[in-house]
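Any read-out appearing in this document is the output of simple, stated calculations on the displayed coordinates, not a laboratory observation. Since the model is a prediction, treat every value here as computed from it, not as a measurement. Here the Cβ is made from the backbone with ideal geometry for all residues, glycine too, and neighbour counts use every protein chain on show.
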């Protein structure tokens with residue numbers, strides 16, 4: 001069987017790309033690191049893959065705004081490819097800086113690349129937050145979180161601009177469409193509206209969202225940093241499968257069934 005292929009997008013300032021490749025391969029996929037210039041120059045095509053992942057980091061030094069320049073690059077050179085990629089049933093995952101990029105392309109929370117309706121802005125704490133956080137998985141049609149609904153997962157957050165913010169109408173629409181897939185919570189699953197359980201002050205404790213189709217997802221904490229038992233600081237007491245691995249396995253299983 002041919003393994004599902006994942007394009008892990010890279011550019012200046014990307015990090016966690018190697019960890020993301022390991023996560024995809026451990027989940028049963030075939031991952032390739034692809035520089036944005038290779039897509040722009042047609043050395044690679046998005047249609048060589050079934051999964052696009054924009055990993056974490058500080059692309060272009062977070063100049064202007066975090067994720068802004070890469071978002072402009074994607075819209076200027078690859079907009080039609082990305083829209084067709086989604087339309088034909090493929091998956092997109094944005095992690096941390098990748099989530100910021102997807103928000104600034106307009107692919108999240110909706111599919112309108114001409115209208116950016118939300119952002120991820122500076123943490124309320126005024127500083128970079130790097131620690132493990134808990135999140136309650138919401139019921140949704142998101143491919144990446146299937147089977148995890150109503151459970152509490154734990155990933156490492158590492159960001160300075162992770163506060164989800166939008167206008168009231170957009171927030172209501174996201175909630176009504178069940179597009180919020182992850183909310184910051186306590187270890188027992190109570191929603192975390194305030195610091196420190198909510199590491200950035202996100203509205204409605206939003207940690208991750210999807211588009212209406214459930215095929216495009218962005219989240220601030222890093223699932224690729226928890227695909228082995230020993231990745232978790234309390235790994236000796238962990239009995240269940242690493243939560244991050246399930247995110248990637250869901251994507252691979254979905255592609256295999258297409």
> Relative contact order for segment 191-258 using alpha-carbon pairs under 8 Å, separation at least 6, rounded to a whole percent?
Replying inline: 19 percent
> So, in Å, what gap is there between the alpha-carbon centers of segment 15-34 and segment 238-258?
Replying inline: 13 Å
>> Just want to confirm a number: the relative contact order over the chain, from Cα pairs under 8 angstrom separated by 6+ residues, in percent.
In response: 20 percent
>> Can you classify segment 165-249 as rounded, prolate or oblate using the Cα gyration tensor, where a ≥ b ≥ c are the square roots of its eigenvalues, rounded means a/c under 1.5, and otherwise it's prolate if a/b beats b/c and oblate if not?
In response: oblate
>> Antiparallel versus total DSSP beta bridges in the chain: what percent is that, nearest 5?
In response: 60 percent
>> Using a 10 Å cut-off around each Cβ, can you sort 235, 132 from fewest to most neighbouring Cβ atoms?
In response: 235, 132
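Over segment 1-134, what is the relative contact order in whole percent, taking alpha-carbon pairs under 8 Å and six or more residues apart?
Relative contact order for segment 1-134 comes out at 22 percent.
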> Where a ≥ b ≥ c are the square roots of the eigenvalues of the C-alpha gyration tensor, would you call the chain rounded, which needs a/c under 1.5, or, failing that, prolate if a/b is larger than b/c, or oblate?
Replying inline: rounded
> Per the helix-only calculation at 222 nm, which mean residue ellipticity applies to the chain, given -39500 (n - 2.57) for every DSSP H run of n ≥ 4 and division by its residues, nearest 500 deg cm²/dmol?
Replying inline: -8000 deg cm²/dmol
>> At a 10 Å Cβ-Cβ cut-off, how would you order 215, 3, fewest neighbours first?
In response: 3, 215
>> Please rank 59, 11, fewest neighbouring Cβ atoms within 10 Å first, as an exposure proxy.
In response: 11, 59
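Give the shape of segment 12-62 as rounded, prolate or oblate, defined through the alpha-carbon gyration tensor: a ≥ b ≥ c are the square roots of its eigenvalues, a/c under 1.5 means rounded, and otherwise the shape is prolate if a/b is larger than b/c and oblate if not. Could you put the intermediate results ahead of the total?
On the way: a/c = 2.64, a/b = 1.09, b/c = 2.43.
Verdict is oblate for segment 12-62.
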